[in-house]
1. If I take every Cα pair under 8 Å that is 6 or more residues apart in the chain, average their sequence separation and divide by the length, what percent do I get for the relative contact order?
2. So what's the gap between the Cα centers of the stretch 115-183 and the stretch 1-49, to the nearest angstrom?
3. According to the square roots a ≥ b ≥ c of the eigenvalues of the Cα gyration tensor, what is the shape class of the stretch 26-98, taking rounded for a/c under 1.5, prolate for a/b larger than b/c otherwise, and oblate for the remainder?
4. What does the charge count around Thr316 come to, taking other residues whose C-beta lies under 15 Å from its C-beta (Lys +1, Arg +1, Asp -1, Glu -1)?
5. Cα-based Rg of the stretch 252-337 per 2.2 N^0.38 Å, rounded to two decimals?
6. For the chain, what is the calculated [θ] at 222 nm in deg cm²/dmol (nearest 500), taking -39500 (n - 2.57) for each run of four or more DSSP H residues and dividing by its residue count?
7. In whole percent, and with a 1.4 Å probe on the protein chains, what portion of the accessible area of the stretch 181-331 is carbon and sulfur?
8. Which value, in Å² rounded to 10, gives the accessible area of Ser310 with a 1.4 Å probe and all protein chains present?
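The values are calculated or read from the model by the stated rules, or taken from the named source; none is laboratory data. Keep in mind that this is a model prediction, so the values were computed, not measured. Positions of Cβ are generated from backbone atoms using ideal geometry, with glycine treated the same way; all protein chains shown enter the neighbour counts. Side chains included, ligands, DNA and RNA excluded: accessible areas come from the protein's heavy atoms. Shrake-Rupley method; radii C 1.70, N 1.55, O 1.52, S 1.80 Å.
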Amino acid sequence: MKRTPLYAAHEALGARFVDFGGWEMPVQYTGIIDEHVAVRTRAGLFDVSHMGEIELRGPQALAAAQQLTVNDLHRLRDGQAQYSLLCRPSGGVVDDIMVHRVHRERVLLCVNAANIEKDLAWIREHRAGAEVVDRSDELGLLALQGPRATAILTPLTPLDLVATPPFEFRDTQVAGRRVLLAHTGYTGEDGWEIYCAVADAPSLWQALLDAGAPFGIKPAGLGARDTLRLERALPLYGHELTDETTPLEAGLGWVVRWDKGPFVGHEALRRQRETGVTRRLVGLVLTAAGIARQGYPIVGGAAVVGSITSGTKSPTLGKAIGLGYVASAWKEVGTTLGVEIRGRVIPAEVVRLPFYKR
């Protein structure tokens, strides 16, 4: 398995490791709930250096990104980022990504770790004359998340963090190291993502932990990252999103900018919008004891009407929650359904998403 440049630091902190998309990654240090609560109430520091970074460069960079993604980069100024999707002509999702508009001739895409090779091939096929550069092996990525994240980071950077709105990024320094600092994250809390040279990742990791110690910072693993994103109903590729899932089915129609001009998947998605989706991603709260897991059947009446894509017991809410696809007739908030868990049907209710709001 691959390892990030922070593997030794994780070992020293007593991390427990798992295989995540071919990467040996820390799933937890002191415990998933402990780390989850730290991010919700104070701050947590994540190593997400397994994520991929792909740049489009040259005079056609912006045009290529416009053709490849469903969102509209013309809505952005230089130094702004947006959530977007790469889609197939069928409308299925190749990957969900963060797009950073550096300038007209340089666009940085942050992609999911397990999809780097697939995304590279897809981007090269639809690059519209842009140069495609895979920077995944040269960049590390740290995520500092939580209500105290900005206070922790402030003395380490000359950037005016308060004057940097969400979804903006800057070339700057953190702890004396050159970084791209983005006001983004994947936890439902305020926070920052720090792109750096691989060689600088260990010193930045330690500097952030040291600066965060008085604020109660915790190193956080993939376990807490998953429960945090699920409370916020943020999709995870391979669960809520796949090559067979469309943005409209996943409730991500707000990302698709229909009037921006042609993009890969536009026609299929337009037809689906006109005819309506046959299934829809919904949020469920179980109303009796049980935990919904990926693949568990969702029952409506006497029939199976869908399946769970992600589920957990929410540390913040104290309830068992889950995301899953159901036939469209069962998608309305307040609908009573059931989740089949080891032969028993546990009652559940369709609720408004997200489960948690900051």
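1. On the way: 843 pairs, mean separation 64.0, N = 358.
That works out to 18 percent.
2. 19
3. Details: a/c = 2.67, a/b = 2.14, b/c = 1.25.
Prolate shape, in that a/c is at least 1.5 and a/b is the bigger ratio.
4. Working: positive: Arg40, Arg42, Arg225, Arg229, Arg232, Lys313, Lys319, Lys357, Arg358; negative: Asp34, Glu35, Glu189, Asp226, Glu231.
Around Thr316, the surrounding residues sum to +4.
5. Working: Rg = 15.8 Å, N = 86, 2.2 N^0.38 = 12.0 Å.
Compactness ratio reported: 1.32.
6. On the way: 8 runs with 71 residues, N = 358.
That calculation yields -5500 deg cm²/dmol at 222 nm.
7. Details: 3110 of 5730 Å².
Answer for the stretch 181-331: carbon and sulfur cover 54 percent of the accessible area.
8. Around 10 Å² of this residue is reachable by solvent.
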